[in-house]
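Following: one structure in structure tokens, then a few remarks.
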Amino acid sequence: MGQHTFDVQRAAMLNDPSRYRFISREELLSTLDFIPSKNTIVTIADIGSGTGFFTDTVAPYADQVFAIDVQSEMHEQYRTRGCPQNVSFITAEAGQLPLDDAALDCCFSTMTYHEFGRYCSIEELARVVQTGGRVVTFDWAQSGMGEAGPPCTERYGLSHVIERSSEAGLKTIRAETRTETFVHVAKK
Ligand SMILES: C[S@@+](CC[C@H](N)C(=O)[O-])C[C@H]1O[C@@H](n2cnc3c(N)ncnc32)[C@H](O)[C@@H]1O
């Protein structure tokens, strides 16, 4: 599982609005559960941000968003497409983030866990999120039909994320497998 990294040559596929059938804007925002306030700076990271398709969804509701991806070419694709002013780019591995402890209010990843799940990444995400903050994971479900996304043999099941989150000291507050995807919401 998780042996490959998404091919930059296929990056345009990530900008297809039909992807909202798997994760809607409303659903993503509801899982993050942050309340923008004039008195606090809301800082969020999108882990494995790719071309920024879902970063764009979250950016209007945060003060600062880190688009984090291991492939700088993906950042180039996002820059070329045009990104909100409050988005900063970090080229880094999910399991080794150049961020201070508790630097983030919350973080999320979409359709990327199957690419970084083999590393101790959840532990690293738990480190950089503040106490009470969320680590949200959406990805293709191993039990899906393979209608879209990677082959089912390259996917993880929800139990993998639940176990890794527990080991990292996170509390699972929502865990659902749907037809083709799963959602996991953990709180520090
Ligand atoms: C399938 S794409 C999804 C992109 C984006 N999350 C979306 O849903 O549109 C997976 C992205 O994760 C990035 N990625 C893969 N492994 C990673 C890792 N270990 N650390 C950070 N980014 C990673 C890839 O470069 C790619 O841009």
Going through the range 25-45 in order, the residues found to be at pLDDT 95 or above and among the small types (Gly, Ala, Ser) are 45
Members of the range 143-155 that are more than 15 Å from the ligand (Cβ to nearest atom) and in contact (Cβ under 8 Å) with a residue 60 or more places away in the chain:
153
List, please: which pairs have Cβ atoms under 7 Å, are six or more places apart or on different chains, and start with a residue in the range 119-132 that is hydroxyl-bearing (Ser, Thr, Tyr) and end with one that is within 15 Å of the ligand (Cβ to nearest atom)?
119/94; 119/95; 121/94; 121/95
Here the residues within the range 156-176 that are among the hydroxyl-bearing types (Ser, Thr, Tyr) and either in contact (Cβ under 8 Å) with a residue 12 or more places away in the chain or over 14 Å from residue 113 (Cα atoms) (or both) are 156, 165, 166, 172
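Quick one: how many residues across the range 64-74 are surrounded by fewer than 22 Cβ atoms within 10 Å (Cβ to Cβ) and touching a residue at least 24 places away in the same chain (Cβ under 8 Å)? Step through it out loud before you land on a result.
Applying the first criterion (surrounded by fewer than 22 Cβ atoms within 10 Å (Cβ to Cβ)) to the range 64-74 yields 64, 70-73.
Okay, now just the ones that are also touching a residue at least 24 places away in the same chain (Cβ under 8 Å), so 64, 70-71, 73.
Adding up the residues that qualify gives 4.
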Residues satisfying the stated conditions in the range 55-82, i.e. assigned to a loop (DSSP other than H, G, I, E, B), of a type in the set (A, V, I, L, M, F, W, C) and either under 14 Å from residue 11 (Cβ atoms) or in contact with a His (Cβ under 6 Å, 6 or more places away or on another chain) (or both)
70
Candidates 105, 46, 56 - the one that is touching a residue at least 24 places away in the same chain (Cβ under 8 Å), within 9 Å of the ligand (Cβ to nearest atom) and among the acidic types (Asp, Glu)
46
Can you say whether residue 145 is modelled with pLDDT under 95, out of contact with any strand residue (DSSP E or B) (no Cβ under 8 Å at 6 or more places or on another chain) and of a type in the set (A, V, I, L, M, F, W, C), as far as the supplied structure shows?
yes
Unique match (being more than 12 Å from the ligand (Cβ to nearest atom) and without any contact (Cβ under 8 Å) to a residue 12 or more places away in the chain) among 10, 79, 25:
79
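Let me confirm something: among 153, 172, which residue is of a type in the set (Ser, Thr, Tyr), more than 16 Å from residue 46 (Cβ to Cβ) and over 17 Å from the mean Cα position of the chain (by Cα)?
On the way: 172 fails: over 17 Å from the mean Cα position of the chain (by Cα).
Only one candidate qualifies: 153.
The values are calculated or read from the model by the stated rules, or taken from the named source; none is laboratory data. What you see is a predicted model; the values in this text were computed from it and never measured. Cβ sites come from the backbone with ideal geometry, for glycine too, and all protein chains shown count toward neighbours.
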